[in-house]
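Below: one structure, written as structure tokens.
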Amino acid sequence: MESSESVAHRPSVDIRADIEKQIALYPPLAHDRHSIHIQVDAGVVKLSGYVQTPISRRYLLDALRDIPGVEDVNADELYDDETLRREVAKVLPSGVIVARCQYGSVVLSGQLPPGVTAAAVAHQARQVPGIRRVFVLFGA
């Protein structure tokens, strides 16, 4: 007796709809929904974009496990502002601070060290994966 298993794959559009529903049901993610990009192909989910907190990021990734048809998740390009803020701070010279970080845009302020230009500091910040824009607000 031969047994043949047929695995029915859910349509990508249905998986995506379930992901969007999960996002809408969690208020912090609902606020971030316009900055989250979802691609689904044969059960493989790719998330990119931005959320505000690591907790929101973790919630979303955990929720994907419960969605039927999700086979694998790639969230390498899904960033959270808190982590980005810390990563940018690591590359800044002493005296320069991250005044704000929102959806991949950072505002730098504080005091530039002697001999360091705002352009050089902005360039350093842009090298951090996930940073889209850098604004500098240094006093004269």
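Bridge orientation summary for segment 12-79: considering DSSP beta bridges with both residues in this region, about 50 percent are antiparallel.
For Gln39 and Arg58 in one chain, what is 0.36 nm times their gap in residues minus the Cα-Cα distance, to one decimal in nm?
Once the chain is fully extended between Gln39 and Arg58, it gains 5.0 nm.
Evaluating 6.51 cos²θ - 1.76 cosθ + 1.60 at θ = phi - 60° for every residue in segment 130-138, the Karplus couplings come out as x, 7, 9, 9, 10, 10, 10, 10, 10 Hz, glycine and proline recorded as x.
With helices as the sole contributors, the chain gives -11000 deg cm²/dmol at 222 nm; each DSSP H run of n ≥ 4 counts as -39500 (n - 2.57), and the sum is divided by every residue. Placing unit charges on the Cβ atoms only, positive for Lys and Arg and negative for Asp and Glu, gives segment 82-138 a dipole magnitude near 120 debye about its Cα centre. Each Cα pair under 8 Å and six or more residues apart adds its separation to the average, and for the chain the resulting relative contact order is 18 percent. Taking a span of 18 Å or more along the helix axis (Cα atoms) and a mean Kyte-Doolittle hydropathy of at least 0.0 as the rule, the DSSP H helices of the chain that qualify are 12-25.
Each principal axis of the Cα cloud of the chain was taken in turn, and the coordinate range along them, longest first, works out to 81, 30, 19 Å. Positive end of the dipole of the chain (Cβ unit charges, origin at the Cα centre): among Pro93, Val134, Tyr26, the Cα lying farthest that way belongs to Pro93. On the basis of the beta-carbon distance and an R0 of 22 Å, His31 and Lys90 show a calculated FRET efficiency of 0.25.
Taken together, the values in this text are just the output of simple stated rules run on the coordinates, not laboratory data. Keep in mind that this is a model prediction, so the values were computed, not measured. FYI the Cβ positions are ideal-geometry reconstructions off the backbone, even for glycines, and counts take in every protein chain you see.
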